[in-house]
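The values are calculated or read from the model by the stated rules, or taken from the named source; none is laboratory data. Please read these numbers as outputs of a predicted model, since none were measured by experiment. Note that we place each Cβ from the backbone using ideal geometry, even for glycine, and neighbour counts take in every protein chain shown. Ligands, DNA and RNA are stripped out before the accessible areas are found, and what is left, the full protein with its side chains, is counted by its heavy atoms. Shrake-Rupley method; radii C 1.70, N 1.55, O 1.52, S 1.80 Å.
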Amino acid sequence: MHVEPTGAIETTHDRPWATVMRVPVASGVTWFKVCAPVQAFEPRLTAELYARWPDRVSEVLAIDEARRWLLLGDAGIAVGERGNPPEAWLEALPSYAELQKGERPYALDHVGHGVPDLRMAALPAGYERLLASELPLARDDVNRLRDYAPQFSELCNALVELGIQESVQHDDLHMKNLYSDGGKLRIVDWGDSSIAHPFFSLVVTFRFLEEVNHLAPDDQWFRRLRDAYLEPWGSGLEETFEIAVRVGWFAHAIAWTRQRDALLPHARPDFDRAFAIILRRAVAQTRN
């Protein structure tokens, strides 16, 4: 499939990991995304998700796996433009959880097609890779992470014993990747995804509600959103969720090393400013 532009094509995002262009067409707008090799899995993953969940993810008009191209329909307006209201997440998170539950049978297929593997068995080795990386952290914080390695493995084992099967995990689930169009909510931009513990997803969602909406850590919205997300998974999962979010901060930092390793040296200082924030939040988990 192809589309006929009716006006100038505009580059809206140009990052080392992907370039996105706005393409006006007779019916409105489409979006053309060119993924870098580091996220070559994204076109196929997005198309697979759209085939099974057309009501809640990006509309895929066409893909070219070999060229890492995606042609997407317009998803509407990002909820960030509406101030990132928690009410939007109260609606979106249960349907996202249903998607994750439904994708569990496809987890190994996704890994086989290049989606990063951050399943529980892979995380201790991922933690060692993190420690071996050049981290934009003070020496004391790096040492704290190094000293925490045994406890991290224990947390991973505890989470495995609690028994939630791994699935697709968006890992960038924030206000710029949740869109609203006529009351329909869609999740876009699956380029940071992995196959991991599904509950890790709310690490990023909650972080943005703290930092953008200035919700206090004990704000009741976090409990409401947690409960709404957990409802499709079943009852009695509050402890599992607490451990998963704690482990999830480290998994999120581990995932960032994949992107960083793919950058040219001149692009790393800008990346490291954001990476340092993620790392400091992971370090904070060692004090709990």
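Key figures for this structure:
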{"quantity": "Single residue of segment 162-186 satisfying the filter (of a type in the set (A, V, I, L, M, F, W, C) and within 9 Å of Pro198 (Cα to Cα)) that is modelled with the lowest pLDDT", "calculated": "Ile164"}
{"quantity": "Single unsatisfied condition, Glu238 versus (1) under 19 Å from Leu90 (Cβ atoms); (2) under 17 Å from the mean Cα position of the chain (by Cα)", "calculated": "(2)"}
{"quantity": "Residues (within 19 Å of Phe208 (Cβ to Cβ) and of a type in the set (A, V, I, L, M)) located in segment 248-288", "calculated": "Ala251, Ala253, Ala255, Ala274, Ala276, Ile277, Ile278, Leu279, Ala282, Ala284"}
{"quantity": "2 or more residues of a type outside the set (Val, Ile, Thr) and touching a Pro at 6+ places or on another chain (Cβ under 7 Å): qualifying strands (runs of 3 or more DSSP E) within segment 11-87", "calculated": "69-73"}
{"quantity": "Residue tally, condition assigned to a loop (DSSP other than H, G, I, E, B) and open to solvent by less than 60 Å² (accessible area, probe 1.4 Å), over segment 109-135", "calculated": "5"}
{"quantity": "Qualifying residue in segment 226-233 (condition: outside any loop (DSSP other than H, G, I, E, B) and over 23 Å from Pro86 (Cβ atoms))", "calculated": "no"}
{"quantity": "Any hit, segment 90-113, residues being closer than 23 Å to Glu231 by Cα and free of Cβ contacts under 8 Å to residues at least 24 places away in the same chain", "calculated": "yes"}
{"quantity": "Qualifying residue in segment 233-241 (condition: touching a residue at least 60 places away in the same chain (Cβ under 8 Å) and among the polar types (S, T, N, Q))", "calculated": "yes"}
{"quantity": "Residues that are aliphatic (A, V, I, L, M), more than 18 Å from the chain's Cα centre (by Cα) and over 18 Å from Arg260 (Cβ atoms), drawn from segment 112-137", "calculated": "Ala121"}
{"quantity": "Lone qualifier among Trp190, Trp221 - being open to solvent by 30 Å² or more (accessible area, probe 1.4 Å) and within 25 Å of Ile77 (Cα to Cα)", "calculated": "Trp221"}
{"quantity": "Whichever residue in segment 205-218 is touching a residue at least 40 places away in the same chain (Cβ under 8 Å) and outside any loop (DSSP other than H, G, I, E, B) and, among such residues, is surrounded by the most Cβ atoms within 10 Å (Cβ to Cβ)", "calculated": "Thr205"}
